[in-house]
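Student: Questions regarding the structure given below will be posed in turn.
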Amino acid sequence: MKRLIFAFVMLFLSSSAFAFHCPADAKAIDAGLAKAKLTEEQKSEITKLRDKGLEQHNAGDHKAAEDTLSEAMRKLLNDMQ
């Protein structure tokens, strides 16, 4: 029984830790957008993904938020090259 309780506590703590990762990702995207030389279309697309990711985060859908913010970061890095 102690192992089961321990497993649930660890699961809760790990999901809570990931929940705070989304705002940090959004800040990293903002910093990248400020420094990158992109077209307005590229900036707009990345900003929309960033905003969608934060909306998902605020709604409690952290897996979707992480996926969306990761897509925004990948697009930012690819467009910078």
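Student: Can you tell me the length gained on complete extension of the stretch residue 37 to residue 55, counting 0.36 nm per residue apart and subtracting the Cα distance? Mind showing how you got there, number by number?
Tutor: Values: separation 18, 0.36 × 18 = 6.48 nm, distance 2.60 nm.
Answer, rounded to one decimal: 3.9 nm.
Student: List the trypsin sites (Lys or Arg not before Pro) in the range 15-81 that DSSP assigns to loop (not H, G, I, E or B) and whose Cβ has at most 12 other Cβ atoms within 10 Å. Which are they? Provide the component values of the computation, followed by the final result.
Tutor: Working: sites: 27, 35, 37, 43, 48, 50, 52, 63, 74, 75; in loops: 37.
When the trypsin sites (Lys or Arg not before Pro) of the range 15-81 are filtered for loop state and at most 12 Cβ neighbours within 10 Å, 37 remain.
Student: What list do you get for 73, 80 if you sort them by fewest beta carbons within 10 Å?
Tutor: 80, 73
Since every read-out is calculated from the coordinates, none of them should be taken as a lab result. Note that this is a predicted model, so its numbers are computed, not measured. Please note: Cβ atoms are built from the backbone with ideal geometry, for glycine as well, and neighbour counts cover all protein chains shown.
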